[in-house]
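Single-structure report; data block below.
The values are calculated or read from the model by the stated rules, or taken from the named source; none is laboratory data. Because the structure is predicted, anything quoted here is derived from the model rather than measured. Note that each Cβ is placed from the backbone with ideal geometry, even for glycine, and that neighbours are counted across all protein chains shown. These area figures cover heavy atoms from the full protein model, side chains too; ligands, DNA and RNA do not enter into them. Shrake-Rupley method; radii C 1.70, N 1.55, O 1.52, S 1.80 Å.
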Amino acid sequence: MKKISIKKVVSAAAAAVMIIAAALSIGAACAQANDVMRYDNSITYFYSDADGATRFFVNDKLLDEGISGHADAFLSCDGTVGIARGGSGLYRIDGEGIKKIYPAGVDRALLSLDNSMIVFTTATEVHVYDHGTGSIEDIKPEGVTGIASIAISPDGSTVGYSIKSKDGNFYAYAYENGESRKLSNDAYLVAIGDKAAFWYYVRPSDVSLYHAGPSGERRIGTNVSSLMEFNRSLTEVTFDMNGVTYYSVDGSAAKTLIEGASVYSTAAECESLQGGESCQASVKGVSSLFNSIFYGFRTDSSDEKARTMYDIWYVDAGKKATALVRGAYQFGVSEDRQRLFCLVDDEVYSMNVKDPGDRERVCASVYSFSVSRDGARFYCIGYDMGLYYTDGAGDPQRIAKNVAYTTVTREGRCLFMSDYDKKGSLHIADADRSVTDIADNVSHVEVMPGAVFYYSELYEDELGNTVYDVFCSKDGLSFERKIGMALMASDKE
C-alpha cells in the first residue's frame with residue numbers, strides 16, 4: 001500500500017541538522033515574520049498498547065480520542081493541523097480533536113499550507129476536502145489505471161493531478177470550478193499555479209522538467225532529481241541534475257546554484273509535500289528560497305562510525321553563493337536567521353551569515369552542542385563528557401559531568417542526560433545558575449514547539465512488545481505521565 005507523503009515527527013533532513021528555529025519538529029505556526037511561516041506549535045503521535053490506538057498531542061495537550069490501531073502515515077505543514085491515515089481511512093487532527101474525513105482506501109494525501117484544503121487519492125479517483133465547508137469533491141478521470149501525483153495551487157483555488165492511463169502514458173490535468181481540463185501530455189505534474197496560470201511537470205520519457213502555461217512550455221532541465229524545493233508562490237524552484245543543485249526563476253533555464261554541490265534550503269520552516277511517489281515537491285512557506293542558508297552533507301561510507309559532515313553556504317537574493325563552513329559536524333541557525341552556529345573539528349563558532357569573516361569562537365574541545373534560539377546560551381558536551389555553559393562572552397563553566405545528550409527548550413534551558421547506558425538520569429540546567437534533577441531511568445528526551453517529552457526506560461508488555469511510558473511538560477520543568485505502554489507511531493512505519 002502506498003503511504004501518504006510523510007513528514008515524520010522529525011523529518012529525515014532536519015533530524016541530522018540542528019536547525020534551531022525549527023526545533024527539529026514537524027510543528028509550526030502560520031504567524032508570519034519576514035514572510036517565513038514560523039514553528040511555534042507541534043503535533044506528536046504515539047501508538048498506545050494499552051488503548052490499542054494511536055494517540056495525539058497538540059502541543060502538550062493529549063487529545064481525548066485517538067485513531068483505532070496504528071496510524072501508518074502522518075503529515076503536517078505547520079504543526080497546528082495534521083492529517084493521518086489509519087486502516088486506510090483519512091483523519092484530520094487539530095486542537096479541537098480528530099475528524100474522520102474519508103472511511104477507507106486512501107493512497108496519498110497532501111495538506112495545503114494554510115490548512116484549509118486536503119487533496120487525496122483513492123485507487124483511480126482524486127478527492128478535494130474543504131475544511132471550511134466540510135464538503136468533499138470527487139474527481140473521476142476516465143480511462144485511468146492510477147493517480148500518479150497531486151498538487152494544489154498557492155491560493156487553494158486549483159487542484160492539479162496526473163494520471164496513468166490504460167495506454168501506459170501520463171497526462172496532467174487541472175481541476176477548478178467543478179471541472180477538469182487537460183494541461184499536458186506525457187506529463188507527471190509536480191506543482192500548479194493559481195488558476196493554472198502555469199504548472200511544472202516532469203516528462204517521464206526523458207526525465208526532463210518543464211515549466212508550462214497556456215501560451216506554451218519551456219524545458220528547464222534534464223535528468224532531474226526526484227525531490228524539488230519551491231517557494232510559496234512557485235516562482236522559484238531548486239532541483240538536482242547529475243548530483244548538482246540548479247535553480248530556475250519563473251521558468252527560466254536551469255542555472256547552477258553552487259558549483260559541484262548538492263544542497264538543501266533552510267529558508268522555510270513549514271512545507272506542503274506535493275507530487276507523487278516518483279517525484280515529490282516541497283512547497284515551502286516562504287516568499288523566496290534565497291537570501292538564506294543552503295547546506296549539503298556527506299559521510300565516509302567506508303566507516304560505519306563516521307560522523308556526518310555539513311558544507312554550508314549563504315546564497316543572497318541575487319543567487320550569489322558565499323561559502324561559510326566546510327566539514328561542520330553540527331550547525332544551527334538563529335531565530336532571526338542572521339547567525340550561524342557550527343561545530344568544526346572540536347570548536348564551536350558563531351558567525352554572521354552575510355559575513356563569514358565576522359566569526360567568534362565560542363568553545364573548544366567540544367563533541368556536541370546545543371544553543372538557544374537567540375544564540376545567547378550555549379551548552380557544550382566536551383570530550384571529557386562534561387557539560388559546559390557559556391554565553392559566548394566568558395569562559396565556559398562546567399555544570400555537570402558524565403553527560404551523553406543535550407537539548408534546549410524554547411525558553412533556553414538545557415535538558416540533558418547523564419550516566420547513560422540505554423537509560424540514564426534526566427536533568428535541566430538554567431544557564432550556569434542551577435541544575436535540577438527530573439527523573440531516573442529515562443531512555444530519551446526531546447523538545448517540540450509547545451511541548452517537551454521524555455520516555456521511560458524500555459520494558460516489555462504482556463505480549464512481549466517493547467514499550468515505554470510517555471511523560472509530557474509544557475516547558476521542561478514539571479512533567480506528568482500521559483501514556484503508558486507506548487510506541488511512537490512513526491516507529492511502526
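Calculated [222 nm] ellipticity per residue, helices only, for the chain: 0 deg cm²/dmol; basis is -39500 (n - 2.57) per DSSP H run with n ≥ 4, divided by all residues, nearest 500. For the chain, carbon and sulfur atoms together expose 44% of the accessible surface, with a 1.4 angstrom probe and every protein chain in place.
Here the simple spin-label model places points 7 Å from the Cα toward Cβ, and for SER226 and GLU304 these points are separated by 2.6 nm. Solvent exposure of HIS444, expressed as accessible area, is near 70 Å², computed with a probe of 1.4 Å over the protein chains only.
Is the shape of region 375-493 best called rounded, prolate or oblate, per the rule: a/c under 1.5 gives rounded, else a/b larger than b/c gives prolate, else oblate, with a ≥ b ≥ c the square roots of the Cα gyration tensor eigenvalues? Cα axes put region 375-493 in the prolate bin. For region 265-360, relative contact order (Cα pairs under 8 Å, six or more residues apart, normalised by length) works out to 16 percent. Neighbours of PHE170, meaning other residues whose beta-carbon lies under 11 angstrom from its beta-carbon, give a summed charge of 0 when Lys and Arg score +1 and Asp and Glu score -1. Multiplying the residue separation of ARG433 and SER68 by 0.36 nm and subtracting their alpha-carbon distance yields 126.8 nm. Rolling a 1.4 Å probe over the protein chains gives ILE258 an accessible area of about 10 Å². In the chain, taking the dipole from charged Cβ atoms about the Cα centre, the farthest positive-side position among VAL333, SER88, GLY193 is held by GLY193. Potential lengthening of the chain between LYS474 and ASP461 amounts to 1.9 nm, from the contour at 0.36 nm per residue minus the alpha-carbon distance. Subtracting the Cα-Cα distance of ARG326 and ASN177 from their residue separation scaled by 0.36 nm leaves 48.6 nm.
For the chain, which span is the longest to avoid every loop-located (per DSSP) member of trypsin sites (Lys or Arg not before Pro) having at most 10 other Cβ atoms inside 10 Å?
Working: sites that count: LYS166, LYS305, LYS320, LYS422, ARG433.
The reported range is 1-165.
For region 425-436, backbone phi angles converted through the Karplus equation (6.51, -1.76, 1.60; θ = phi - 60°) give residue-by-residue couplings of 9, 9, 9, 10, 10, 10, 6, 9, 8, 7, 10, 10 Hz, Gly and Pro being listed as x. This model, with +1 at the C-beta of Lys and Arg and -1 at the C-beta of Asp and Glu, gives region 139-251 a dipole about its Cα centre of some 240 debye.
The mean accessible area for residues of the chain, using a 1.4 Å probe and ignoring ligands and nucleic acids, is 41 Å² per residue. Near TYR314: Cβ cut-off under 14 Å, other residues only, Lys/Arg at +1 and Asp/Glu at -1. The net charge is +3.
Each residue of region 90-105 was assigned a 3J(HN,Hα) from its phi angle through the Karplus curve 6.51 cos²θ - 1.76 cosθ + 1.60 (θ = phi - 60°); the sequence is 10, 10, 10, 10, 8, x, 7, x, 10, 10, 7, 8, 8, x, 6, x Hz, with glycine and proline shown as x. Please state the shape class of region 110-233: rounded when a/c is under 1.5, otherwise prolate if a/b exceeds b/c and oblate if not, all from the C-alpha gyration tensor. Because a/c hits 1.5 or more and a/b fails to exceed b/c, region 110-233 counts as oblate.
When the residues ASP64, ASP440 are ordered by accessible surface, computed with a 1.4 Å probe over the protein chains alone, the sequence from largest down reads ASP64, ASP440.
Which shape class applies to region 206-258: rounded if a/c is under 1.5, otherwise prolate when a/b exceeds b/c and oblate if not, where a ≥ b ≥ c are the square roots of the Cα gyration tensor eigenvalues?
Because a/c hits 1.5 or more and a/b fails to exceed b/c, region 206-258 counts as oblate.
Around the Cα centre of the chain, unit charges on the Cβ atoms of Lys, Arg, Asp and Glu (plus for the first two, minus for the last two) sum to a dipole of about 960 debye. Once you divide the Cα radius of gyration of the chain by 2.2 N^0.38 Å, the number left is 1.00.
In loop segments of region 171-279 as defined by DSSP, the GluC sites (Glu not before Pro) with at most 12 further C-beta atoms inside 10 Å of their C-beta are GLU259.
Overall, region 152-193 carries a charge dipole of about 160 debye about its Cα centre when +1 sits on the Cβ of Lys and Arg and -1 on the Cβ of Asp and Glu, all other atoms neutral. Along region 267-276 the Karplus relation, 6.51 cos²θ - 1.76 cosθ + 1.60 evaluated at θ = phi - 60°, assigns HN-Hα couplings of 5, 10, 9, 10, 8, 10, 8, 10, x, x Hz to successive residues, with x for each Gly and Pro.
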